[in-house]
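What follows is a short report on a single structure.
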Amino acid sequence: MRDRTLWTWHIGAGLVILVLLGLHMTIMHLSATLGFLGVADAEPTEWASVAARAGSLFFTLTYVLLLGAALYHGFYGFRNILMELDPGRTLRRVIDVGLSVVGLALFAFGTWAALAAPGAATMGG
Amino acid sequence: MTETTTRQVTFDVRRYEPGTDAEPHWESHRIDVLPGMTVLDGLWKVKELSAPSLAWRSSCRMGICGSCGMLINGRPRLACNTQIAELKSDVVAVAPLPNFSIIKDLVPDLRPMFETHRELMPYLIRDDVEEQDDPTREYWQTPHELEHYLQFSYCIKCGCCMAACPTVATDPQYAGPMPLGQAQRYDADSRDGGFAQRREALSGGRGPWRCHFAGECSQVCPKGVDPAKAIQLMKGEMVADLLRLRKRRAPAPLVEPPKGPRREEIPAAPERTVTEA
């Protein structure tokens, strides 16, 4: 029942994206509304704001989680497209392994970028 | 135009004779059409007048047997259930159902669909096999429980949904809307206890996971069944089972039939026609 598990994770990743992308949109594109409500008063794209978020453990975790969820969701969908081309058994294995390796590599790189940002939470900034 | 006026309609029929034709080809036949004629009636007329070797499947002529599924003017339909007038065209293009190999002319090879259907166990799975073979009591089921699967049981296995499905068109592993819908029909039946067995039969690429929810299967179903809904319900049940959130239930218990005098408007059961072994 591997397909059932993969699909369940796909839906779970979609829900995570929905929440975290919603959070991103709210913070980055509703700054005027947030300011009006008294929740935030700084421009979200200013260096100080970006650095403050990078220094927050909460935001760092959400970046990594969103990256993982988006990569899994997108790569699973891409895999489905490729599988519908009816590849042979060997090619299916190559697709599975290839997409896993590329996805994990991108995740590792993205995670490193989030953690290594100036003032990032894990750098003690 | 009065009720009895005829008009001329061109039937473009896709022909294919295995062993003779390298590729399917189109043939045009012009026939007189009366109001009320179905596409099936038109095909009989074409066969009678100009194409005696034309082959198709049909039987009941009333949309019940599911034999005459064809691609009519680009849409999978039952030939017996489609009025020529409703097509609103002077050209009726008839081809065999897509996504199946062709046996001859308009006859699709439905065997792969029925083999998958059988593999997904479209019947009640219970421990009391003897009771099913020789019933002594009734399985208890409420009208509400009946509603969970009733619409899926209207399926006549015509194959129109399979012909319309974009995933079936590209993915030979995928079971398709008819077998999946019928598997869900039994999974949703409170008398059934075969969810775990069907879950195993649905592993791999044949399961519901490749469904894109295009919804074409439900659009074309001549009986108004909603296989797309059945597949989404199946996904939900299987995910709930994975997360251990699915309500486990025992198959419906056996109960004595209601006692008392028979209502007058309900006729008595006929005599048994099968003798005891």
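Miscellaneous remarks
- Whichever residue in the stretch B:1-30 is more than 29 Å from the chain's Cα centre (by Cα) and charged (D, E, K, R) and, among such residues, is modelled with the highest pLDDT: B:30
- Output for the stretch B:190-222, where each listed residue is out of contact with any Leu (no Cβ under 9 Å at 6 or more places or on another chain), within 20 Å of residue B:76 (Cα to Cα) and not in a helix (DSSP H, G or I): B:212, B:213, B:214, B:215, B:221
- Extreme residue, surrounded by the most Cβ atoms within 10 Å (Cβ to Cβ), among residues of the stretch A:30-47 that are small (Gly, Ala, Ser) and more than 23 Å from the chain's Cα centre (by Cα): A:40
- Any chance residue B:198 is modelled with pLDDT under 95 and either out of contact with any Gly (no Cβ under 7 Å at 6 or more places or on another chain) or more than 10 Å from chain A (Cβ to nearest Cβ) (or both): no
- Residues of the stretch B:134-165 that turn out to be basic (Lys, Arg) and buried (at least 19 other Cβ atoms within 10 Å of the Cβ), as a count: 1
- Of everything in the stretch B:31-60 that is of a type in the set (A, V, I, L, M) and part of a loop (DSSP other than H, G, I, E, B), the residue that is nearest to the chain's Cα centre (by Cα) is B:55.
- Flag if residue B:67 is over 28 Å from residue B:4 (Cα atoms), touching a Ser or Thr at 6+ places or on another chain (Cβ under 8 Å) and at pLDDT 95 or above: yes
- Residue B:225 meets each of the listed conditions (1) outside any loop (DSSP other than H, G, I, E, B); (2) more than 10 Å from every other protein chain (Cβ to nearest Cβ); (3) surrounded by 22 or more Cβ atoms within 10 Å (Cβ to Cβ); (4) of a type outside the set (Ser, Thr, Tyr) apart from (1).
- Residues of the stretch B:113-145 that turn out to be without any contact (Cβ under 8 Å) to a residue 24 or more places away in the chain and closer than 29 Å to residue B:77 by Cβ, as a count: 2
- Apart from one condition, residue B:103 fits all of (1) part of a strand (DSSP E or B); (2) touching a strand residue (DSSP E or B) at 6+ places or on another chain (Cβ under 8 Å); (3) in contact (Cβ under 8 Å) with a residue 40 or more places away in the chain; the exception is (2).
- Residue B:189 being acidic (Asp, Glu), touching a residue at least 40 places away in the same chain (Cβ under 8 Å), away from chain A (no Cβ under 12 Å) and within 30 Å of residue A:10 (Cα to Cα): yes
- Test: residue in the stretch B:182-189 that is part of a helix (DSSP H, G or I), hydrophobic (A, V, I, L, M, F, W, C) and surrounded by 14 or more Cβ atoms within 10 Å (Cβ to Cβ): yes
- Subset tally (residues that are more than 14 Å from chain B (Cβ to nearest Cβ), closer than 28 Å to residue B:231 by Cβ and free of Cβ contacts under 8 Å to residues at least 12 places away in the same chain) for the stretch A:1-36: 2
- Filter pass, residue B:256 being away from chain A (no Cβ under 14 Å), touching a helix residue (DSSP H, G or I) at 6+ places or on another chain (Cβ under 7 Å) and not hydroxyl-bearing (Ser, Thr, Tyr): no
- The condition of being modelled with pLDDT of 95 or more and either aliphatic (A, V, I, L, M) or over 24 Å from residue B:249 (Cα atoms) (or both) holds for only one of B:181, B:215, that being B:215.
The values are calculated or read from the model by the stated rules, or taken from the named source; none is laboratory data. Computed from a prediction, not measured in an experiment: that's the story for all the values here. Note: ideal-geometry Cβ built from the backbone for every residue, glycine included; neighbour counts use all protein chains shown.
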